[in-house]
Amino acid sequence: MADPSPPRDCSFADADWHALSRCWFPIAYAQEVGEKPLGARLLDMALVIWRTSSGVSVARDLCPHRGTPLSMGWVEDGAIVCPYHGFRYGPDGACRLVPAHPDRPIPPRLRLASFLAVERYGLVWTRLAGEMPAEEGLPVFPAWDDPAWQRITPPFVDIAGSPGRQMEGFLDVAHFAWVHTETFADPDNQVVPPYKVSPTGRGVEAQYWSTVPNWPKGLERPTPEGFLWLRHFEVFPPFSALLTIHFPGDDRLCILNAASPVAARRTRLFVPIAKNFGTDQPVEPVHAFNARIFAEDQAIVENQKPEDLPLDLAMEAHITADRMSVPYRQLLARMGLGRGFTA
Ligand code: FES
Ligand SMILES: [Fe+2]
């Protein structure tokens, strides 16, 4: 299929939309996609996701007959059915049946605009254009596939802010003592020790050692004398990062921040989590803790100006503690996201 054009009422600058359309993004939790087709939005484009015995399919949420959203339809006999005139489309998007003329040849134009879809890390990922295979485009999250770890999929969070600002906030280690004082951080522990950031094949990584614990407030456990907490960040541009928190002993918690650009200033945040301790514990307290932390961040992200992340480094001031966000902005600029992204 030819690469699609930016949709009507696109909120992105043209060049930014094309650069982002080549990237893989999550659009739903895999467990949400069942019998009923599910609507989603990515880069201002309305999508429909449905499941058949051949797996998950993603297409534009638009029947090519009369423009009805297929997310209003249903799945029957391995096909998605349009609710207006009952046309049926296979997992590949080709029309299989026009019920008004079951014996007539089906016009080749009756084909959905379909996109590649993969299920990984509990999420359905798609990309709208380009050739990048999933292996090169998805974040790397090995703990997710280790059966000894507990996998947790907290509900997604809809943020009225840009995915770039959200992602940079996830990488920001100087805000804990200010924004997260109700959940895990200490308002008096403000100093950010120096930390190292290194390039990786895909992006950058950082090892941040500090005395900021990660116990939920009220559920603190003893921390060994002199223990330093390591937070290991791995950035997968444009909008995913894996944070591995090293608890005392060998306990590890991995948080994948996977921000999906619904629109230039609307983000759907998916945060699949894996941990190797308390693996038989109920997931609800983790959902609740996660929701409180991201709500604390949301209040900031939804109010920053300009709304989009300024990729021109001269537009905002940077301090030593920001040593991860500067290369992050440079990575986005190198992807072809331009000044338009800051407008
Ligand atoms: S609009 Fe979908 S079948 Fe007519
Ligand atoms: Fe935060």
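Being under 25 Å from residue 275 (Cβ atoms) and either surrounded by 13 or more Cβ atoms within 10 Å (Cβ to Cβ) or within 16 Å of ligand 2 (Cβ to nearest atom) (or both) is a property that holds for residue 149.
Comparison of 171, 138, 128 shows that the only residue that is of a type in the set (A, V, I, L, M, F, W, C) and within 16 Å of ligand 2 (Cβ to nearest atom) is 171. From 238, 154, which residue is touching a residue at least 40 places away in the same chain (Cβ under 8 Å), closer than 30 Å to residue 41 by Cβ, in contact with a His (Cβ under 7 Å, 6 or more places away or on another chain) and not β-branched (Val, Ile, Thr)? Criteria check complete, one pass: 154. Give all pairs with beta carbons closer than 7 Å in which a residue from region 160-176 that is of a type in the set (D, E, K, R) meets a residue that is within 10 Å of ligand 2 (Cβ to nearest atom) and assigned to a helix (DSSP H, G or I); count only pairs at least 6 apart in sequence or on separate chains. Between residues of region 160-176 that are of a type in the set (D, E, K, R) and residues that are within 10 Å of ligand 2 (Cβ to nearest atom) and assigned to a helix (DSSP H, G or I), the close pairs are 165/301. The number of residues in region 160-196 being β-branched (Val, Ile, Thr) and touching a helix residue (DSSP H, G or I) at 6+ places or on another chain (Cβ under 6 Å) comes to 3.
In summary, residue 201 fulfils each of the numbered conditions (1) out of contact with any His (no Cβ under 8 Å at 6 or more places or on another chain); (2) within 16 Å of ligand 2 (Cβ to nearest atom) with the single exception of condition (2).
Only one of the numbered conditions (1) on the phi < 0 side of the Ramachandran plot; (2) modelled with pLDDT of 95 or more is not met by residue 278, and that is (1).
Counting residues in region 290-302 that are in a loop (DSSP other than H, G, I, E, B) and either at pLDDT below 95 or under 30 Å from residue 6 (Cα atoms) (or both) gives one or more. Checking 118, 48 one by one, the residue that is out of contact with any Gly (no Cβ under 8 Å at 6 or more places or on another chain), modelled with pLDDT of 95 or more and part of a strand (DSSP E or B) is 118 and no other.
Matching residues to (1) over 19 Å from residue 175 (Cα atoms); (2) at pLDDT below 95; (3) touching a Leu at 6+ places or on another chain (Cβ under 7 Å); (4) in a strand (DSSP E or B):
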| residue | (1), (2), (3), (4) |
| --- | --- |
| 218 | yes, yes, no, no |
| 222 | yes, yes, no, no |
| 227 | yes, no, no, no |
| 245 | no, no, yes, yes |
| 253 | yes, no, no, yes |
| 258 | yes, no, yes, yes |
| 262 | yes, no, yes, yes |
| 268 | yes, no, no, yes |
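Looking at the structure I just gave you, is residue 138 farther than 20 Å from residue 17 by Cα and touching a Phe, Trp or Tyr at 6+ places or on another chain (Cβ under 9 Å)? Spelling it out, it is not the case that residue 138 is farther than 20 Å from residue 17 by Cα and touching a Phe, Trp or Tyr at 6+ places or on another chain (Cβ under 9 Å). For the condition assigned by TED's automatic domain parsing to the domain that holds residue 164, among the charged types (D, E, K, R), within 15 Å of ligand 2 (Cβ to nearest atom) and surrounded by fewer than 18 Cβ atoms within 10 Å (Cβ to Cβ), residue 316 does not qualify. Could you go through region 121-131 and let me know if any residue there is acidic (Asp, Glu) and surrounded by fewer than 15 Cβ atoms within 10 Å (Cβ to Cβ). Taking every residue of region 121-131 in turn, at least one turns out to be acidic (Asp, Glu) and surrounded by fewer than 15 Cβ atoms within 10 Å (Cβ to Cβ).
The values are calculated or read from the model by the stated rules, or taken from the named source; none is laboratory data. Predicted model, so just to flag it, every value in this text is computed and none were measured. Every residue, glycine among them, receives a Cβ derived from its backbone with ideal geometry; neighbour counts consider all protein chains shown.
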